[in-house]
1. At a Förster radius of 25 Å, what calculated FRET efficiency corresponds to the Cβ-Cβ distance of residue 69 and residue 97, to the nearest 0.05?
2. First select every other residue whose beta carbon is under 12 angstrom from the beta carbon of residue 160; then total the charges, Lys and Arg +1, Asp and Glu -1.
3. Taking 0.36 nm per residue of separation and subtracting the Cα-Cα distance, what length does fully extending residue 167 through residue 10 add?
4. Taking all protein chains as present, what is the carbon and sulfur share of the accessible area of the chain, in % to the nearest whole number, probe 1.4 Å?
5. Can you give the charge dipole size of segment 45-146 about its Cα centre, rounded to the nearest 20 debye, using +1 on the beta carbon of Lys and Arg and -1 on the beta carbon of Asp and Glu?
6. Roughly what would the spin-label model give for residue 40 and residue 156, points 7 Å off Cα along C-beta, in nm?
7. Taking GluC sites (Glu not before Pro) as exposed when DSSP calls them loop (any state but H, G, I, E, B) and at most 15 other Cβ atoms lie within 10 Å, what is the longest stretch of the chain free of them, the sites themselves excluded?
8. State log₁₀ I(q)/I(0) for segment 18-105 at q = 0.13 Å⁻¹ as given by the Debye formula over alpha-carbon point scatterers of equal weight, solvent excluded.
Amino acid sequence: MTSSTGRSLLELIDGADERGLAAAGLACLDRCLPLLAPERAEVLRPVWGAVARGDGAMWAEAVAKARVELDGAGGEAADDGGVVTLVRAMLDGVPAEWAEEPLRAWAGRCSTVALTVHRLHDVNEDGPLHAGELRRQLAVLDSVAHGPTGLRRARELSVEGGRVLRAVVSRRARTA
């Protein structure tokens, strides 16, 4: 699958700047966060604000605060297939440094983890949940390539994706 510009997910990550990388990784984490801490959906909002400003000091502060607020989250949940552990690793891996290389490595890991998490909750290996996550990741990277104005769309895609994943998990829990 490719983006609207015809570029693959890896090409978009490789070509993104700090803001795009931070937004891409954060969007993946944001969509998967309901599996770790369903009651704390807004805890990443200040981190999004730091991405919008492109402010490294604000980023480090917001990331540290989010980690404190989410400390211990997911510990009480059954780790269905290691999903909670995967999402926790995304959160723990957020680089405090606003620099291209650590953000690129983190964004790449987050992309892989988010796709894995969606695949694990899908009806089959490459089902609609996984395909939707791939489309959202491409759309987020396309959006943020347009600068700070694309961040609103990236955030909307993350909220939508989080709702979809939460609904799938909830439906699965009711039928189990």
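1. Numbers: r = 20 Å, r/R0 = 0.82.
Here the calculated transfer efficiency is 0.75.
2. Details: positive: 31, 135, 136, 153, 155, 163, 166; negative: 30, 133, 156.
Residues near residue 160 contribute +4 overall.
3. Numbers: separation 157, 0.36 × 157 = 56.52 nm, distance 2.83 nm.
Residue separation times 0.36 nm, minus the Cα-Cα distance, leaves 53.7 nm.
4. Working: 4560 of 8430 Å².
Carbon and sulfur atoms account for 54 percent of the accessible area of the chain.
5. Working: 10 positive and 16 negative charges, 52 e Å.
Using only the charged Cβ atoms, the result is roughly 260 debye.
6. 2.8
7. On the way: sites that count: 39, 42, 76, 97, 125.
Longest run free of exposed loop sites: 126-176.
8. The calculated log intensity ratios at q = 0.13 Å⁻¹ are -0.38.
The values are calculated or read from the model by the stated rules, or taken from the named source; none is laboratory data. Only a predicted model underlies this, so the values are computations on that prediction, with no experimental measurement involved. Backbone-built Cβ (ideal geometry, glycine too); neighbour counts: all protein chains shown. To get the accessible areas, we keep the full protein, side chains included, count just its heavy atoms, and leave off ligands, DNA and RNA. Shrake-Rupley method; radii C 1.70, N 1.55, O 1.52, S 1.80 Å.
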